[in-house]
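Notes follow once the structure below has been shown.
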Amino acid sequence: MRVSILSAGSRGDVQPSAVLADELKQRGHDVVLVASDDLTRFGSELGVPTEPLGFSTRELLDSPEGAAWLEAGDMRAFLQGVVRLKTERRAGLRQAISRASDGSDVIVSGVNTMEEGSAMAEARGIPLVGLFYAPRRSNPYFPAYALTTRRLGGPANRLTHRLVARAEWKATAEYANAFRADLGLPPTRENLAVRLRRQRTLELQAYSGVLVPQLVDWSPQRPLTGFIAPSSLHRRLWGEDAADDGLADWLRAGSPPVYFGFGSMPVREPRLMIDLISRVATRLGVRALIGAGWSSYSEGGRGRFGDRVRVTGEIDHRAVFPLCRAAVHHGGAGTTAASLTAGLPTLVCSVNFDQPFWGRRLEDLRVGRWLPFDRLSEATLVTALRDLLRPEFTARARALGSALGAESGASAAADAIERLRA
């Protein structure tokens, strides 16, 4: 098959798409990845033909407005900002997706390009496959995480998904129909969730039934594949095995550290964060490893801060996490999968998106704790981590990690895509 994969957003969106693209390429398929402009290397460095999308979510995440919307949890304003940016870049987006889908047998799209991917698939008369990193469709077990993570009954849970789908459509309808018109398609009044359900679109749930056993038999159109995680080879090709020459020596020189990292979520005052983590580490008598992610720690620099704290850049999670004692991070699906697979009790300090959902799941499974990022303080960190460092949390996390480690999300997702032509 010729497969076009569309992925916009942060590293947590693009990385699994690149890993899936590589899996399909290794199976002999003709694959092209279209990714956020600043993240194309995740495909190209794996040898996957990769094209820029003409759109970068990081522009919004790094802007003062975008950071403020995230911190305030104002997803309506954030979505409106994304739509404005897409509207400005619509012609370039259309051209990039059109070029990539020429001659394709199937289009695979992440959440942030689903509207464009579905329109292009419809215009070309080929199947669309969705790629999801948390439950976004109506089900009786979990409410729409964009609205709440409270435990609700089945009918109420389903209602929240309908409300969110309608709100998203209200924000995106004008843009979506303009994009459709560019392709010669008629306008639609149906929101995206309704259209994809009517078309019986395959929507791969790229997360594990170990964490959401309620959804294991959800629907043939929504199979759970397991998390699509990079291998050590992928990490090596991305240059993450040599990102910090002194890290291995530091890890060997003392007790297993607690890992702190917030991925693509912006930390506005890195030096203050280093000071906060240093105080917490001192009070708990632990060492701390801080992963910089997308945040700029240039003011504080890389390297050691006192006897207990080290700041590093990109790391190979598969290699480093097993050498840690616990993890504190933003709760993105990929980082959550990595810390749990390594058997680490995990504190999720969620900013937005699907992060509160994963934080709540870890609490429910008793392998972690959940703390909204805006409640982060020395007192809340110490309290949560003191709980997580108890032996019973470690034992449960290790048992769950063993189950996660037995899965291969990339292989299961590729199998499902191949079955479209069976």
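The values are calculated or read from the model by the stated rules, or taken from the named source; none is laboratory data. Predicted model, so just to flag it, every value in this text is computed and none were measured. We place every Cβ from the backbone using ideal geometry, glycine too, and count neighbours over all the protein chains shown.
Here are the numbers:
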read-out	value
Odd one out for residue 148, checked against (1) at pLDDT below 95; (2) surrounded by fewer than 20 Cβ atoms within 10 Å (Cβ to Cβ); (3) under 22 Å from residue 223 (Cα atoms)	(3)
Only listed residue being in contact with a helix residue (DSSP H, G or I) (Cβ under 8 Å, 6 or more places away or on another chain), surrounded by fewer than 15 Cβ atoms within 10 Å (Cβ to Cβ) and closer than 24 Å to residue 346 by Cα, chosen from 255, 232	232
Test for residue 348: is it under 17 Å from the mean Cα position of the chain (by Cα), β-branched (Val, Ile, Thr) and within 18 Å of residue 289 (Cβ to Cβ)	yes
Residue check, residue 58 charged (D, E, K, R) and closer than 22 Å to residue 173 by Cα	no
Scan of the range 273-291 for residues that are of a type in the set (S, T, N, Q) and part of a loop (DSSP other than H, G, I, E, B), ordered by number	none
Elements of type helices (runs of 4 or more DSSP H) in the range 25-107, at least 3 residues being in contact (Cβ under 8 Å) with a residue 40 or more places away in the chain	57-62, 64-72, 75-88, 90-101
Residue match in the range 80-87 (condition: within 19 Å of the chain's Cα centre (by Cα) and at pLDDT below 95)	yes
Candidate set: the range 225-249, residues that are aliphatic (A, V, I, L, M) and without any contact (Cβ under 8 Å) to a residue 40 or more places away in the chain; chosen: the one farthest from residue 46 (Cα to Cα)	248
Strands (runs of 3 or more DSSP E) contained in the range 325-411 and holding at least 1 residues within 25 Å of residue 287 (Cβ to Cβ) and either at pLDDT below 95 or β-branched (Val, Ile, Thr) (or both)	326-329, 346-348
